[in-house]
Amino acid sequence: MSDTISPASEKVESEFIRDPEAEAEALEIDLDNAYGPSGFRGLLKSSNIFGLSLFASLGGFLFGYDQGVISGVLVMHDFETKFPRVGGDGDLQGWVVSIMQLGAFVGAILNSPIADKYSRRYSIAFANVAFLIGTGLQAGAVNTAMLFVGRFIGGIGIGQVSMAVPLWIGETAPPNLRGSAVTLQQFAIAVGIMVSFWLDFGTQHIGGTGSGQSTAAWRLPFALRALPSLLLLAGSIFMLPFSPRWLVKVKRYDEALLTLARLRKLPTDHPIVHEELLQIKAGARFDELTIAEKFPDAKSALQRTYQQYKELIVEKHLAKRLFVACFLQFLQQFTGINAIIYYAPKMFAAIGLSGNTIPLLATGVIGIINVFATIPAIGVVDLFGRKPVLMIGAGSMAACHLIIATIYAVYRNSWAEHAGAGWAAAVFIWIFVVNFAYSIGCIGWIYPSEIFPLGVRAQAMGIAVSANWISNFVIGLITPIMMKHITFGTFYFFFGFTLFLFFYVWLCLPETKGVPIEEMDKLWGGNEGQATKDRMERIQQELKEDDKLKSSNHSLSSDKI
Ligand code: BGC
């Protein structure tokens, strides 16, 4: 008996192993519960899914590492000397940070067709090739142009993995673990940020932090990302299985069955595997039929894709969801999280934490806090719902910004005499990070993944992910300008957005926790929910009958032999 099956379903297996199709049908297997619990317990029980998802989350690690590494590098002495327009207070600083996000925006959009044509798995491999080229250019940069090109190409790879990895995990994990798996990705991002912060902190000492600093102080943290990336590249080529959903999409049904059985550690004729495959097939068939029915004139794949995007905009209830998904991503970025992630050492220096080491040390603390504050999200989001967690997070983030801005405004010219004030502001930066991590850090990704109907979910997610990157790009670009010109006003600016987020969630955002898919439609003013459900049931019925026919033909021909 596999360890992925809950006690209730153990009974199912022993009773039904003799005639899987008929018996699974009679039992009406509830897939959401058949594979056991969700959250930590579920992940620990399904060790292979946990291991594979964790491995794929190396993509999230690279995402976080790439975001985090730049902040420490920007303030390193040798880097500032070699790239005066980029390091320190250079006029191109915002651009060198943000060009990576621009690349990621492009990568996220480009990856949709790549992941459809060449598989999710190989798109992760392509992403790593781009990432490695970018890494080489950045670590070996001898001029500013090389640095820019390297960050842009590396960014394309990051944008690709940011879209491909959650897609692969979501399509590979059993239904009970999908939510936790999304959080795993956020956790990996946070770990990546933390590792890069501490690496910067360590390598800045190579040759000393002053004028003798070695060039390796910043080249090494840029270069070391190649290791996890090479690992992920090799793993995506030789180890990660194809997503069973993608295999069904390209009609490789036998492989889909084998892969699914192996992933679930069950025999290929097990009723639960059979039921899951049936549902995946039904989902794929549903998409095909819906598109064919809605857009009878769309003959080519390109035309159909165009129609799907169009539908997202012209159907009022879908457009509403698309707006909310993108707006949440925008607000996630405008909480100011990356203003801190990218420019923390500068910020700490600005609020009076002086010396070469202290700002980087305080930045390292952010990295650790961010990781640990992500962990409770796995439990609280499903326990209390999206809205209360978001509101508590947004309200607390707003309070932090207000306090930091005010301390900064009052003591901006007298940090030396008021060292305690600087440290108090630093503590509120840390508290801000805690409140980001358990709330919109995770929910910003979970919410869009659960509000769209199946037929347009991938397209909508692609748009939402790119909305995240483009907002991220803007933040990277404007933060140094704001810090230079409006100094403490930067925090009042983010205070405004976090306060807005609080009211927006309170007054406008529908709660989605525990809402079944057919009800979800009503929530947004759509009326296709019941029709969707009925159609899905009809397709499932047809597929089951198809299966039965095939197996009786098979036994007839075996009888003849
Ligand atoms: C955001 C990133 C951010 C990270 C911090 C993610 O959810 O999308 O932009 O840097 O959280 O942990």
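Any read-out appearing in this document is the output of simple, stated calculations on the displayed coordinates, not a laboratory observation. Computed from a predicted structure; not experimentally measured. No Cβ is skipped: glycine too gets one built from the backbone with ideal geometry, and neighbour counts run over all protein chains shown.
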Report the equivalent ellipsoid semi-axes for the stretch 287-329 in whole Å, largest first, defined as the square roots of five times the eigenvalues of the gyration tensor built from alpha carbon atoms.
23, 10, 8
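How big is Rg to Rh over the stretch 193-255, alpha-carbon atoms, Rh as the Kirkwood inverse-mean-distance radius?
On the Cα set of the stretch 193-255, Rg over Rh gives 1.36.
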Averaging over all projection directions, find the projected area of the Cα convex hull of the chain and quote it in nm² with one decimal place.
26.8 nm²
Which pairs break 32 Å Cα to Cα here: K320/K548; K316/K544; K249/K533?
K320/K548; K316/K544
Can you tell me, using C-alpha contacts under 8 Å and at least 6 residues apart, the relative contact order of the stretch 294-436 as a whole percent?
25 percent
Footprinting exposure proxy for W506, W469, W524 (fewest neighbouring C-beta atoms within 10 Å first)
W506, W524, W469
Contact order normalised by residue count of the chain, Cα under 8 Å, 6+ apart, percent
20 percent
For the pair F503 and K548, the simple spin-label estimate (label points 7 Å beyond Cα toward Cβ) gives in nm 5.9 nm
Dimensionless Rg over Rh [the stretch 269-405; C-alpha; Kirkwood]
1.17
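Using only Cα atoms, what is the ratio of the radius of gyration of the stretch 142-292 to 2.2 N^0.38 Å?
1.45
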Can you return the lysines within cross-link range of K265? Criterion is Cα-Cα under 16 Å, with same-chain partners fewer than 8 residues away left out.
K45
Using label points projected 7 Å from each Cα along Cα→Cβ, tell me how many nm separate K484 and R41, to one decimal.
5.5 nm
For the stretch 311-324, take each phi angle, set θ = phi - 60°, evaluate the Karplus expression 6.51 cos²θ - 1.76 cosθ + 1.60, and give the result in whole Hz per residue in order, putting x for glycine and proline.
4, 4, 9, 7, 6, 4, 6, 6, 4, 4, 5, 5, 4, 4
Give me a comma-separated list of calculated 3J(HN,Hα) values for the stretch 96-106, in order, Karplus coefficients 6.51, -1.76, 1.60 applied at θ = phi - 60°, integers in Hz, x for any Gly or Pro.
5, 6, 7, 4, 5, 5, 5, x, 5, 4, 5
With θ set to phi - 60°, apply the Karplus curve 6.51 cos²θ - 1.76 cosθ + 1.60 along the stretch 56-65 and write out the HN-Hα couplings as whole Hz, x wherever there is a Gly or Pro.
4, 5, 3, x, x, 4, 5, 4, x, 4
Projected area, mean over directions - the stretch 328-452, Cα convex hull, nm²
7.6 nm²
For the stretch 39-115 and the stretch 294-331, distance of Cα centres in Å
28 Å
Can you give me the distance in nm between label points at A301 and L289, each placed 7 Å from the Cα along the Cα-to-Cβ direction?
2.3 nm
Sorted by chain and then number, the residues having a modelled amide H within less than 5 Å of the amide H of E315, at least 5 places away or on another chain, are none
Cα convex hull of the stretch 155-195: how many Å³ per residue?
59 Å³
